[in-house]
Amino acid sequence: MTKLAEFTTNEHLAILSARELRNGQVVFAGIGIPLLAAALAQRAHCPNLTILFEGGTIGALVEPGRLPPSTNDQRGAKRSNMVLGSSEVLLLLQRGYVDIGFMGGAQIDKYGNLNSSLINGTGNKSAIRLPGSGGGNDIASLTNLMVTMKHEKRRFVEHVDFVTSPGWLRGRSTRHESGLQSGGAFRVVTELAVFGFDEHSREMKVIALNPGVSPSQVQENTGFELLFDSDLPITQLPTGTELRILRELDPDGVLTS
Amino acid sequence: MTKLAEFTTNEHLAILSARELRNGQVVFAGIGIPLLAAALAQRAHCPNLTILFEGGTIGALVEPGRLPPSTNDQRGAKRSNMVLGSSEVLLLLQRGYVDIGFMGGAQIDKYGNLNSSLINGTGNKSAIRLPGSGGGNDIASLTNLMVTMKHEKRRFVEHVDFVTSPGWLRGRSTRHESGLQSGGAFRVVTELAVFGFDEHSREMKVIALNPGVSPSQVQENTGFELLFDSDLPITQLPTGTELRILRELDPDGVLTS
Amino acid sequence: MHLEKARSYSDLRERLSRRDRGLSEKVMSLEDASALITDGQSVGIGGSMMSRTPMAMIWQLIRSGRKNLVCSRSITTSEGDLLLGSGLSNHIITSWFSQGIMWGISKVMRMHVESGQARYDEWSHLAIGMRFRAGAMGVPFMPMRPMLGSDVLASRPEARVINCPFTSENILLVPALNPDVAIIHVHSCDPYGNARIEGLQFMDIDLAMAADKVILTTERIISNDQIRRAPDQTKIPFFCVDGVVEVPFGSAPHECYGVYEPMMNHLDSYVRKVNSDPIGGMKSYLDEHIYAPRSWNDYLNLIGLEEVLGAAHRGRSND
Amino acid sequence: MHLEKARSYSDLRERLSRRDRGLSEKVMSLEDASALITDGQSVGIGGSMMSRTPMAMIWQLIRSGRKNLVCSRSITTSEGDLLLGSGLSNHIITSWFSQGIMWGISKVMRMHVESGQARYDEWSHLAIGMRFRAGAMGVPFMPMRPMLGSDVLASRPEARVINCPFTSENILLVPALNPDVAIIHVHSCDPYGNARIEGLQFMDIDLAMAADKVILTTERIISNDQIRRAPDQTKIPFFCVDGVVEVPFGSAPHECYGVYEPMMNHLDSYVRKVNSDPIGGMKSYLDEHIYAPRSWNDYLNLIGLEEVLGAAHRGRSND
């Protein structure tokens, strides 16, 4: 048990994220921690969780030791319930079949907007062209979005340089006014805390702290002023069962090391 | 040969129609004479003719003695090159993959508009609800349309009661102005004559007479004033080969009796 | 005239969010499935012409006494007569309505529609397809080019012509059609509803995705393991399916690709009966073939063993 | 900035009407196929990420010295590096551009795009799909809901937001994308171009229907008789295909569903080489792996027999 209780940050993120999923949900999972977390949830407490991949896989069967290298390839599709064209799988989100969109993030702001397109140049630093949206914009536009990422001040910024995947845009009703009538940023999971968004202002809000983390520590590592729930529970440490399942899924630590 | 040279009206229509098709064309064929004519053309002079059916069949193989009961069923689809959804096959027309749309008609007017929806009531006769468009409107809107039908005055009218499948609408550029940018009524084949449409006025015009038919006979059987080409060839009688192929295709005379 | 409308996105999402979309077993009887549909709902019907018509489901809905459904289908044939003749529907949205190609105009359709007892909204075939497709995609309309200039469009104020913001052309927008329920007959599916359709697909995939609820009848139920061995053969995913009913020959007297061809002797005698007397003939057909049989197999028995097996022989052997 | 535009319908129809759509044989060499594409054309690329990328065709186009293509693809990975690094393309329309999930940002992409040598038009993944779909359907646009409110939309003046005439919502219209040529790798096709794609389809069917010209590379050529035995397995019809090239392992070092998995050792060494030196490393990869080999099989030999067969073993055995 003592041995098992040691875990990497990525393992922690996967476990905390998995706990946010509910049985019976349909989850669109991106590659990396989201994929792993969804597979863990399915084996731990959501036997009836349906996992979708961007490449067109419906009801994926993620097999221990055989994690796909991306969500657009055959390893993710084999032994699934259905494979579809790429547009069709995103149209399922648009139609509303999917409860949760789940992805990693490079840069997030206080309204849950994500940037994976462009870092502006400043001073003597030139701009950086990032890979771009992929399905990220679609997922964030159409589902209740969960994001998991490492908690660094430079990643948690007041305003992202470029809104690739929309959260609550400029807060309050701005998302709805833009024409995005459904979904929105729902959860952010980091190694420090779990975040939701204020129902009215739509600003990011700490809703649970990870063991040993103080509110000020979260704030210090964040580039904007956070809201804190009045009642702040402490998340449970990863259990032996969670770690065991995770390590069966990813024995080589491809995604969790 | 004498024996073979006797033929039914439907056989005559199928043969005259088949001759209008060219090798290499892609033809969307309706049930009945169009289907038979396309199959005949393929075996007679267009080995490289591609036949599409409304049900979703691409490159149909019409086998002698096995004519399908409709163009929406399995008998038409088996041993074809591809089967598609019903929308997809009509979208091929919209994209432009299809040269000729080919169907029968119940009522046609001088601009080649077809009615298969509604006969207005007149005097003590009440209105008649006909089956409707099916793919007819789509085919007529998107392709160069060939129509084959029996030549009766009540079927060749000045204006159809209801434009189900658009020909040249009200003539001249009215079709184009409505937004229909492609296709248009191209040929009408009856047991009396073969018709085209005037390039400018878009009125129906006799372009060939069948053997033994006089221009006045065609006009007398038509409910509007016809144009006549200055040079009026006489169509060739059905040949022995054409009749033989046709009778192999439809040995029980299901479509041709 | 009441105009159907494209539903608002929030309504569409709200209804879908309430559905159970988990991988759960949905196998039920025809009777239980019929209880998923209530009077007056809008029902999309799978298949086309005489192919993969969900006849057993329609047969059961008539027996269960459902009324006034608004029924939509790509192309409507003899099942449409039954819908109107039984009172199951009084409003049909389709592109073509007859008993089948070989029998001319349906006297049953004419009587109901010409008298104003029933409404027949005519769209082009592609328009019906694009309406289901918009519904499947979660958008309020689809653009298309046919119907412009015709009286089919003039009769359908539900559609809109716009000037294309990209090309300045006239483009027709047809509104999404999201039926309350879809009833679809498939070749096989697993107990969760992962379904395979062989051969002609018609508009069934779009219809399944568009509807708020989907009932599948299937020639046979297969295992989820079979499904997972060839996931690219699955045409309808389980999470849009609410009921699965195993009904061999569930499209009779219509056909099911590769399994049976249409049962033409039965259809011929049906057409003679109702076209000679659209009221009495229909009543007698309903009494004898729909209300009287104790089960679907009893109905098949009325069609006749020889006819059913002959259709199966032709359906399976002609490739 | 030059804005791509949806082509007019008359132009679309005119170009299509001139194509040979008869059932004729189109089997040719990679070299002959590359002659079907001219400098500056817009080319849609099939597959996605590291799956069914038409690598052999891209390899040949570089060897044939084609320049300045405008390339569109759902998701762009290491083949995108080669497009830019070789000068084959200077304008990429896609939703995501990296070398693959596991290697971070492509230094080659960064260098070309940040310096302004090349243009990367970013759309959402669904937007790319809907643009191909509109092109495939012969309509000038498709409606969709994502991208609203984001800077992805703000950067794409080619798209339009309208007020829906049915529901009064904001709806995004994305313009049709009809490439001059599509290059697509498939599992099998007949000499006429009737093609089968197993497993993940990505956007390839829409792309094939949208393009003015289609070149298929295929793992193997099968007979038309095989095609006709299972017409519901045909995914691309012959009449939109202009060239068929048989190239086993034609997606290497990417994967082909059920045939081979990606060749990760080769990709790893490729990425190390070009990311450490986006100019010199790319030049050396092009020289050694693209210009030097006498044939595609020679290129496979450079990847290495063990790697190729290992990928095939994993691709075929893991179901």
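The values are calculated or read from the model by the stated rules, or taken from the named source; none is laboratory data. Since the structure is predicted, the reported quantities are computational estimates derived from the model, not experimental observations. Here the Cβ positions follow ideal geometry from the backbone for every residue, glycine too, while neighbour counts run over all protein chains shown.
Name the residue that is farthest from residue D:308 (Cα to Cα), counting only residues in segment D:200-222 that are in a loop (DSSP other than H, G, I, E, B) and within 12 Å of chain B (Cβ to nearest Cβ).
Top of the filtered list is D:212.
Would you call residue B:84 free of Cβ contacts under 8 Å to residues at least 12 places away in the same chain and over 21 Å from residue C:100 (Cβ atoms)?
Details: free of Cβ contacts under 8 Å to residues at least 12 places away in the same chain: no; over 21 Å from residue C:100 (Cβ atoms): yes.
Spelling it out, it is not the case that residue B:84 is free of Cβ contacts under 8 Å to residues at least 12 places away in the same chain and over 21 Å from residue C:100 (Cβ atoms).
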**Request:** Exactly one condition in (1) over 17 Å from residue B:246 (Cβ atoms); (2) over 16 Å from the mean Cα position of the chain (by Cα); (3) free of Cβ contacts under 8 Å to residues at least 40 places away in the same chain is not met by residue B:70; state its number.
**Result:** (2)
**Message:** Cβ contacts < 8 Å: first residue at the interface with chain A (Cβ under 7 Å from one of its Cβ atoms), restricted to segment D:146-158; second residue surrounded by fewer than 19 Cβ atoms within 10 Å (Cβ to Cβ) and not in a helix (DSSP H, G or I), any location; separation 6+ or different chain. Result?
**Reply:** D:148/D:161; D:148/D:170
**Prompt:** Hey, among C:238, C:202, which residue is buried (at least 21 other Cβ atoms within 10 Å of the Cβ) and under 12 Å from the mean Cα position of the chain (by Cα)?
**Reply:** C:202
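Residue by residue, here is whether (1) under 17 Å from the mean Cα position of the chain (by Cα); (2) hydrophobic (A, V, I, L, M, F, W, C) holds:
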| position | (1), (2) |
| --- | --- |
| D:123 | yes, yes |
| D:154 | no, yes |
| D:172 | no, yes |
| D:175 | no, no |
| D:194 | no, no |
| D:227 | no, yes |
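Taking the condition outside any loop (DSSP other than H, G, I, E, B), out of contact with any strand residue (DSSP E or B) (no Cβ under 8 Å at 6 or more places or on another chain) and surrounded by fewer than 24 Cβ atoms within 10 Å (Cβ to Cβ), does residue B:88 pass? Before the answer, list the steps.
Numbers: outside any loop (DSSP other than H, G, I, E, B): yes; out of contact with any strand residue (DSSP E or B) (no Cβ under 8 Å at 6 or more places or on another chain): yes; surrounded by fewer than 24 Cβ atoms within 10 Å (Cβ to Cβ): yes.
Spelling it out, residue B:88 is indeed outside any loop (DSSP other than H, G, I, E, B), out of contact with any strand residue (DSSP E or B) (no Cβ under 8 Å at 6 or more places or on another chain) and surrounded by fewer than 24 Cβ atoms within 10 Å (Cβ to Cβ).
So, in segment C:184-199, of the ones that are within 12 Å of chain B (Cβ to nearest Cβ) and in a loop (DSSP other than H, G, I, E, B), which residue ends up farthest from residue C:19 (Cα to Cα)?
Going through segment C:184-199, the residues within 12 Å of chain B (Cβ to nearest Cβ) turn out to be C:187, C:197-199.
Restricting the remaining residues to those that are in a loop (DSSP other than H, G, I, E, B) gives C:197-199.
Working: C:197: 24, C:198: 27, C:199: 30 Å.
My answer is C:199.
Check whether at least one residue in segment D:44-61 is within 10 Å of another protein chain (Cβ to nearest Cβ), in contact (Cβ under 8 Å) with a residue 40 or more places away in the chain, closer than 19 Å to residue A:118 by Cβ and among the charged types (D, E, K, R), and report yes or no. Lay out the reasoning, then the answer.
Keep residues of segment D:44-61 that are within 10 Å of another protein chain (Cβ to nearest Cβ), which gives D:47-52.
Restricting the remaining residues to those that are in contact (Cβ under 8 Å) with a residue 40 or more places away in the chain gives D:47-52.
Narrowing further to those that are closer than 19 Å to residue A:118 by Cβ: none.
No, because not a single residue in segment D:44-61 is within 10 Å of another protein chain (Cβ to nearest Cβ), in contact (Cβ under 8 Å) with a residue 40 or more places away in the chain, closer than 19 Å to residue A:118 by Cβ and among the charged types (D, E, K, R).
Table: residues versus (1) in contact with a helix residue (DSSP H, G or I) (Cβ under 8 Å, 6 or more places away or on another chain); (2) on the phi > 0 side of the Ramachandran plot; (3) touching a residue at least 40 places away in the same chain (Cβ under 8 Å).
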residue: D:225; (1), (2), (3): no, no, no
residue: D:230; (1), (2), (3): no, no, no
residue: D:234; (1), (2), (3): yes, no, yes
residue: D:251; (1), (2), (3): yes, no, yes
residue: D:262; (1), (2), (3): yes, no, yes
residue: D:266; (1), (2), (3): yes, no, yes
residue: D:281; (1), (2), (3): yes, no, no
residue: D:312; (1), (2), (3): no, no, yes
**Prompt:** What number goes with the only condition from (1) within 12 Å of chain B (Cβ to nearest Cβ); (2) surrounded by 24 or more Cβ atoms within 10 Å (Cβ to Cβ); (3) among the small types (Gly, Ala, Ser); (4) assigned to a loop (DSSP other than H, G, I, E, B) that residue C:134 does not pass?
**Reply:** (4)
**Prompt:** Do the conditions hold for residue D:127, that is, is it within 23 Å of the chain's Cα centre (by Cα) and among the aliphatic types (A, V, I, L, M)?
**Reply:** yes
**Counted residues, segment A:115-141 - those being over 21 Å from residue D:77 (Cβ atoms), buried (at least 24 other Cβ atoms within 10 Å of the Cβ) and either over 15 Å from the mean Cα position of the chain (by Cα) or hydrophobic (A, V, I, L, M, F, W, C) (or both)** = 1
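Give segment B:161-203 a look and list any residue that's of a type in the set (Gly, Ala, Ser) and within 14 Å of chain C (Cβ to nearest Cβ), or say none. Quick ask: steps written out before the conclusion?
From segment B:161-203, those of a type in the set (Gly, Ala, Ser) are B:165, B:167, B:171, B:173, B:178-179, B:182-185, B:193, B:196, B:201; that's our starting set.
Across segment B:161-203, the qualifying residues are B:165, B:167, B:171, B:173, B:178, B:179, B:182, B:183, B:184, B:185.
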**Asked** What is the residue count in segment A:54-73 for residues that are more than 9 Å from every other protein chain (Cβ to nearest Cβ) and buried (at least 23 other Cβ atoms within 10 Å of the Cβ)?
**Response** 2
**Request:** Say whether the condition of being at pLDDT 95 or above and within 18 Å of the chain's Cα centre (by Cα) is met by at least one residue in segment B:221-232.
**Result:** yes
**Request:** Sort through A:28, A:102 and tell me the only one that's in a strand (DSSP E or B), modelled with pLDDT of 95 or more and within 13 Å of chain D (Cβ to nearest Cβ).
**Result:** A:28
**Message:** Can you tell me which of (1) in a helix (DSSP H, G or I); (2) surrounded by fewer than 24 Cβ atoms within 10 Å (Cβ to Cβ) is the one residue C:165 doesn't meet?
**Reply:** (1)
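Any idea which of A:170, A:155 is basic (Lys, Arg), in contact (Cβ under 8 Å) with a residue 40 or more places away in the chain and closer than 24 Å to residue C:10 by Cβ? Full working, then the answer.
Numbers: A:155 fails: closer than 24 Å to residue C:10 by Cβ.
Of A:170, A:155, the one residue that is basic (Lys, Arg), in contact (Cβ under 8 Å) with a residue 40 or more places away in the chain and closer than 24 Å to residue C:10 by Cβ is A:170.
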**Asked** Between residues in segment D:108-119 that are surrounded by 15 or more Cβ atoms within 10 Å (Cβ to Cβ) and residues that are aliphatic (A, V, I, L, M) and assigned to a helix (DSSP H, G or I), which pairs lie under 7 Å by C-beta distance while being six or more apart or on different chains?
**Response** D:108/D:84; D:108/D:274; D:108/D:282; D:109/D:84; D:112/D:84; D:118/D:84
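To keep it simple, each residue is scored yes or no on (1) surrounded by 14 or more Cβ atoms within 10 Å (Cβ to Cβ); (2) assigned by TED's automatic domain parsing to the domain that holds residue C:31; (3) assigned to a helix (DSSP H, G or I).
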{"residue": "C:225", "(1), (2), (3)": "no, yes, yes"}
{"residue": "C:249", "(1), (2), (3)": "yes, yes, no"}
{"residue": "C:253", "(1), (2), (3)": "yes, yes, no"}
{"residue": "C:308", "(1), (2), (3)": "yes, yes, yes"}
{"residue": "C:312", "(1), (2), (3)": "yes, yes, yes"}
**Item:** From the options C:181, C:174, residue that is more than 10 Å from chain B (Cβ to nearest Cβ) and farther than 27 Å from residue D:135 by Cβ
**Value:** C:181
**Request:** Scan (1) in contact with a Lys or Arg (Cβ under 8 Å, 6 or more places away or on another chain); (2) assigned to a helix (DSSP H, G or I) for the single condition residue A:97 breaks and write down its number.
**Result:** (2)
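Please enumerate the residues belonging to segment B:115-141 that are in a loop (DSSP other than H, G, I, E, B) and more than 8 Å from chain C (Cβ to nearest Cβ).
First pass over segment B:115-141, keeping only residues in a loop (DSSP other than H, G, I, E, B): B:116-117, B:120-121, B:123-124, B:126-127, B:130-135.
Once the filter is applied, which keeps residues that are in a loop (DSSP other than H, G, I, E, B) and more than 8 Å from chain C (Cβ to nearest Cβ), segment B:115-141 yields B:116, B:120, B:121, B:123, B:124.
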**Complete:** Among strands (runs of 3 or more DSSP E) completely within segment D:25-109, the ones holding 3 or more residues that are in contact with a helix residue (DSSP H, G or I) (Cβ under 8 Å, 6 or more places away or on another chain) and assigned by TED's automatic domain parsing to the domain that holds residue D:205 are D:69-72, D:89-94
**Asked** When the residues of segment A:231-248 are filtered to those that are of a type in the set (A, V, I, L, M, F, W, C) and touching a Leu at 6+ places or on another chain (Cβ under 9 Å), which remaining residue is surrounded by the fewest Cβ atoms within 10 Å (Cβ to Cβ)?
**Response** A:234
